[in-house]
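First comes the structure, then the notes that go with it.
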Amino acid sequence: MTELLDGTLTEQAAAVAGGDADPSALLDAALARIEERNPSVNAIVDTFPERSRQMLAEAPRGPLYGVPVAIKDEWPLPWRAERLGAAEYLGPAPRPGESGPYRALHDAGAVIVGVANMHEYGAGSTGHISAFGPARNPWNTDRCPGGSSSGPGAAVAARLVSGAVGADGIGSIRYPAAYCGLTGLKPTFGRSAMQGHHVPSTTTIVSGPMCRDAADCRLLGGVLFGSELTASEPRGLRIGVVPGELWDDCDPEVNAACRQAVEILREASESTVAEVDFAGREHVLISSILVGSTEELAVATPKRVAGLGDDVSLIARALLRYRLLIPAATIAKSVRVRSLVRRSLAELFERVDVLAWPTVAAPAPPLENPTVNLPSGAYPADYANPRQAGLANLAGVPAISLPVGLSSEGLPIGLQLLAPWGRDELLLDAAEALERANGRQWVDAAPPLARPG
């Protein structure tokens, strides 16, 4: 059963469905793997073996019947309220309940084996702050796993589970996918299950799959979407690359690996590559942060923020106080930029099928100092990362991060593809085409702690 645990989500589902694997034994093996490996990565913050066994006993014969999965600490379960990686709640204390992702997993026959860690309040791209202690990158446990879906990323990379549900508000699925060498899909806004989320009025956050490869994301994504995500062979893709800082201000190794991957995809799919641009690009970074980080202010009063204790990180308390002081006119301007960018992208996607650039500008930084060194200088990762990923949330379009190499320090490198509204399947098709073209070299790569022997 240990060998099957190292397999993909699709392989595990097929083995159970075909009678080649006992789902009870697979569940026990997953719980034992978590007990064995989780202390090194701190990806899973809560397990509940009896609840998991109850889920299996009651599971319908759906597409994920008997397959162990993890879910980010951003979603309530019937027996556990979300904690958001924080010691205190910003608003009223949440209650246990059936969130949309839980119900989708339940109805698909999946078995939730654990709740995965996350960056405190979801307010960071690195995962280096959490009330449970930081999750750690399985490729180098002194490095950041990415955030805010840090636990799901580390759990899948460490082979604790083969699939996990994350959430993406300003890149929070794609950053850990890039840092941990995974495939992570940020769905089109409104397509994936979101019921029960603590920001019910969000215009940026989506649930999404984090898995080894595109086929697994297609399977888990279809569960979250409530419909099968069909596959097709991408031919004659029109790939757009945007000039400027999205490529040029990246670590040279990241730039080179991503450009090589685009060229491999071009050749494999008989496609074309053209340089393109869109209006409002220079304002995407600040606008995506302002829109995405202020949606939770509906429950944040000065009294509540001032009442947060020392068990909440100093940086979180400072950021919350700062957000309360942001002028309404500034947020209104960000919404104006959003409209400009959406219209410009809609026009651009009449000329190209996908856009491509690096998911993050540099490989995973150290947990103790999450700073990245770029051609333009040294910056906090939380500054550099939204520049690369914020657009998809601001505009609502789908995006995917896929592994395309390793740095000289042995850290994963991720390429991001974006597609028009509702074309999530196209991203998965393109990702699978690239996997075939490079012989699955990077999706099947395993970090040291997950290698046999």
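Taking amide H positions as modeled 1.01 Å from N, with prolines and chain starts lacking one, the residues under 5 Å from Leu374 and 5 or more places away or on another chain are Tyr379.
Can you give the helix-only mean residue ellipticity at 222 nm for the chain, where every DSSP H stretch with n ≥ 4 adds -39500 (n - 2.57) and the sum goes over all residues, rounded to the nearest 500 deg cm²/dmol? Intermediate values should be presented prior to the final figure.
Numbers: 16 runs with 175 residues, N = 453.
The helix-only estimate for the chain comes to -11500 deg cm²/dmol at 222 nm.
Residues in the range 47-61 carry Karplus couplings, in order, of 10, 8, x, 5, 5, 5, 5, 5, 4, 5, 4, 9, 5, x, 7 Hz; the curve used is 6.51 cos²θ - 1.76 cosθ + 1.60 with θ = phi - 60°, and Gly or Pro positions show x. Placing unit charges on the Cβ atoms of the charged side chains and taking the dipole of the chain about its Cα centre, the candidate lying farthest along the positive direction among Thr301, Pro358, Gly62 is Thr301.
Among 394-406, 273-285, sorting by the average number of other beta carbon atoms lying within 10 angstrom of each residue, highest first, gives 394-406, 273-285.
Within the set (i) 1.06; (ii) 0.90; (iii) 1.80, the number that Cα Rg over 2.2 N^0.38 Å takes when calculated for this structure is listed as (ii).
Just to be sure I understand the model, the point goes 7 Å from the Cα along the line to the Cβ. What's the resulting Leu314 to Leu297 distance in nm? Distance between label points: 2.5 nm.
Determine the percent antiparallel among the DSSP beta bridges restricted to the chain, to the nearest 5. Please report the intermediate quantities before stating the final value.
Details: 31 of 45 bridges.
Of all bridge pairs located within the chain, approximately 70 percent are antiparallel.
Using only side-chain charges placed at the Cβ, +1 for Lys and Arg and -1 for Asp and Glu, the dipole size of the chain relative to its Cα centre rounds to 1200 debye. Based only on the alpha carbon positions, what is the Kirkwood hydrodynamic radius of the range 1-117, in angstrom? Computed over Cα pairs of the range 1-117, the Kirkwood hydrodynamic radius comes out at 14.7 Å.
In this view, the solvent-accessible surface of Met194, computed with a 1.4 Å probe and all protein chains in place, comes to about 40 Å². The charge dipole of the range 318-453, taken about its Cα centre with unit charges on the Cβ atoms of Lys, Arg (+1), Asp and Glu (-1) only, comes to about 680 debye. With K and R counted +1 and D and E -1, the other residues having a Cβ less than 10 Å from that of Glu409 yield a net charge of 0. Computed from backbone phi, the HN-Hα couplings of the range 188-193 come to 3, 4, x, 8, 9, 4 Hz, rounded to whole numbers (Karplus: 6.51 cos²θ - 1.76 cosθ + 1.60, θ = phi - 60°; Gly and Pro given as x).
The values are calculated or read from the model by the stated rules, or taken from the named source; none is laboratory data. Quick caveat: nothing in here was measured; it's all calculated off a predicted structure. Note: ideal-geometry Cβ built from the backbone for every residue, glycine included; neighbour counts use all protein chains shown. With ligands, DNA and RNA removed, areas are computed over all heavy atoms of the protein, side chains included. Shrake-Rupley method; radii C 1.70, N 1.55, O 1.52, S 1.80 Å.
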